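Note sheet for the following structure.
Rule-based calculations on the coordinates, nothing more; no lab input. From a predicted model like this one, the values you see are computed outputs, not experimental measurements. FYI the Cβ positions are ideal-geometry reconstructions off the backbone, even for glycines, and counts take in every protein chain you see.
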Amino acid sequence: MAIPEVGKKINVSVPSTTANLGPGFDCLGAALDLHNEFIFTRIEGGGDRFELKMESTDGNHLRGGPENLVYRAAQKVWASANVSPFALEARVKLAVPPARGLGSSATAIVAGLIGANAIMDSPLPKEKLLELAIDIEGHPDNVVPSLLGGLCLTARASSQRWRIIRCEWHHSIKAVVAIPAIRLSTSEARRVMPKNIPISDAVTNMGALTLLLNGLKTGDEELIKEGMFDKLHEPYRWKLIKGGLEVKEAALEAGAFGCAISGAGPSILALCKEVNGKKISQAMVKAWEKVGIASRAPFLNIQTTGSNFRSYPG
Ligand code: HSE
């Protein structure tokens, strides 16, 4: 196993994600074309030395020395590859706003796994990194598309293994994501969910998921409209997102096929035709403005290539 020389650097680029896509709670997510960049450098010292340097003031959730997610992920790689931990520096350039439901924490986990692995010339295969990522995050719908790109459905199979299906996304379907200035932590958004749900809600979601996946595959707008809804988490979470339902309503009125809370929120995803995107974006921002919340609502393309790394400087 190659323990890297001091000074060796790896650059890792990781896309943001929109998880819980429509009825796909905790299983369906897509990568979006907005990335966090991480530069890992092997520095002098043992595995208890980890330095995180932020190139943004908005990354406080990633701080916290050895407890942070990048470092925790690196530790999993060392343990799985059976190597003695070594000191690392991670320099982070954040573009994905934290605590907005865009998978910012997942980017930290994925970067830590890929960076620690790549700097040792990749002893672990991608399948192992996926397994470790899901284990750290606790659910697969951010980390899997963040690693692989595209639209991914991840399910625990009868064998108890995680199985990943890359699903198709028709080029005519575009995504507008309204990102508010307010934050919401995933732990808070999970706390409001009940432990049990009615069986009728589970059945409804299974059907809706099938409709949505077929709509996204074929570009059938009616199927997307009919399948883009949820009964498992959204009914409990809208109350945490001030103005959220109004923003959804405004997007639908402006021509969106469907809307969903992005991840655990508070961002809201609208699926639409390109021609309606601008109108939908403006309507969503205006609806949030009405309740006193600033936001922006960019078009975000589906990112199909996932995370990548290269030696730095390339
Ligand atoms: N599926 C997760 C949740 C996504 O809704 O809690 C948030 O990271």
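So how do Ser172, Ser307, Ser16 line up by other beta-carbon neighbours within 10 Å, fewest first? Each step should come with its number before you reach the end.
Working: Ser172 12, Ser307 27, Ser16 30.
Going from sparsest to densest Cβ surroundings: Ser172, Ser307, Ser16.
Points 7 angstrom from Cα along the Cβ direction at Thr218 and Arg183: gap in nanometres?
Calculated label separation equals 4.4 nm.
Quick check: the distance between the Cα centres of region 172-200 and region 255-296, to the nearest angstrom?
14 Å
Please list, in order, the residues from region 135-172 whose amide nitrogen is less than 16 Å from a point placed 7 Å along the Cα→Cβ vector of Arg72.
Hits in region 135-172 for Arg72 at 16 Å: 135-144.
Please report the antiparallel percentage of DSSP beta bridges with both residues in the chain, rounded to the nearest 5.
Values: 43 of 48 bridges.
Restricted to the chain, the bridges split so that about 90 percent are antiparallel.
What's the Cα-based Rg to Rh of region 116-201, Rh via Kirkwood? Each step should come with its number before you reach the end.
Values: Rg = 16.6 Å, Rh = 16.1 Å.
On the Cα set of region 116-201, Rg over Rh gives 1.03.
Given only helices, namely DSSP H runs of n ≥ 4 each adding -39500 (n - 2.57), what is the per-residue ellipticity at 222 nm of the chain, to the nearest 500 deg cm²/dmol?
Numbers: 10 runs with 107 residues, N = 314.
My calculation for the chain gives -10000 deg cm²/dmol from helical runs alone.
So what is log10(I(q)/I(0)) for the chain at q = 0.08, 0.11 1/Å, when the Debye sum runs over its Cα atoms only?
-0.35, -0.66
If you put +1 on each Lys and Arg Cβ and -1 on each Asp and Glu Cβ, how big is the dipole of the chain around its Cα centre, in Debye rounded to 20?
Values: 36 positive and 31 negative charges, 57 e Å.
Dipole of the chain, to the nearest 20 debye: 280 debye.
If a/c stays under 1.5 just call it rounded; otherwise compare a/b with b/c (prolate if a/b is bigger, oblate if not). Do that for region 174-300, with a ≥ b ≥ c from the square roots of the Cα gyration tensor eigenvalues. Don't skip to the answer; put the middle values down first.
Numbers: a/c = 2.22, a/b = 1.07, b/c = 2.07.
Judged from the Cα gyration tensor, region 174-300 comes out oblate (a/c at least 1.5, b/c at or above a/b).
Full extension from Glu37 to Thr210: what is 0.36 nm times the residue separation minus their Cα-Cα distance, to one decimal in nm? Present the calculation step by step, with values, prior to reporting the outcome.
Numbers: separation 173, 0.36 × 173 = 62.28 nm, distance 3.44 nm.
Length gained, Glu37 through Thr210: 58.8 nm.
Is there a pair in Lys53/Lys231; Lys195/Lys286; Lys126/Lys242; Lys9/Lys174; Lys93/Lys242 whose C-alpha atoms are over 31 Å apart, and which pairs would that be? Show your work: numbers first, answer last.
Numbers: Lys53/Lys231 41 Å; Lys195/Lys286 35 Å; Lys126/Lys242 39 Å; Lys9/Lys174 36 Å; Lys93/Lys242 29 Å.
Over 31 Å apart, Cα to Cα: Lys53/Lys231; Lys195/Lys286; Lys126/Lys242; Lys9/Lys174.
Arranged by the count of other C-beta atoms within 10 angstrom, fewest first, what order do Ile109, Ile165, Ile224 take? Walk me through the intermediate numbers first.
Details: Ile109 27, Ile165 13, Ile224 24.
Going from least to most buried by this count: Ile165, Ile224, Ile109.
Which three numbers, in whole Å and largest first, are the semi-axes of the equivalent ellipsoid of region 9-166 derived from its Cα gyration tensor as √(5λ)?
Values: eigenvalues 123, 70, 28 Å².
The three semi-axes for region 9-166 are 25, 19, 12 Å.
Show me the ranking of peptides 41-52, 113-124, 231-242, 142-153 by mean Cβ neighbours inside 10 Å, starting with the highest.
On the way: 41-52: 15.2, 113-124: 22.5, 231-242: 18.2, 142-153: 27.0.
Ranking the peptides 41-52, 113-124, 231-242, 142-153 by packing returns 142-153, 113-124, 231-242, 41-52.
Going Cα to Cα from Lys8, which aspartates and glutamates come in below 13 Å? Please leave out same-chain ones fewer than 8 positions away.
Glu44, Glu89, Asp121
Ranking His35, His170 by Cβ neighbours within 10 Å, fewest first, what do you get? List each step's numbers first, then the result.
On the way: His35 21, His170 13.
Result, fewest neighbours first: His170, His35.
Report the net charge of residues surrounding Ser185, where surrounding means a beta-carbon distance below 11 angstrom and charges are Lys +1, Arg +1, Asp -1, Glu -1.
Numbers: positive: Arg100, Arg183, Arg190, Arg191; negative: Glu188.
Result for the neighbourhood of Ser185: +3.
Quick check for you: which residues of region 213-243 have the amide N under 18 Å from the point 7 Å beyond the Cα of Asn196 toward its beta carbon?
Residues 232-233 qualify, since their backbone N sits under 18 Å from the label point.
For the chain, return all DSSP H helices satisfying: extent of Cα atoms along own axis at least 15 Å; mean Kyte-Doolittle hydropathy at least -1.0.
Within the chain the helices that satisfy the rule are 69-81, 104-118, 126-137, 199-218, 277-290.
Ranked highest first by average number of other Cβ atoms within 10 Å, how do 292-300, 68-76 line up?
Values: 292-300: 17.2, 68-76: 21.7.
Going from most to least packed, we get 68-76, 292-300.
Say R0 is 45 Å: what FRET efficiency, to the nearest 0.05, do Lys53 and Ser158 get from their beta-carbon distance?
Details: r = 45 Å, r/R0 = 0.99.
Using R0 = 45 Å, I get an efficiency of 0.50.
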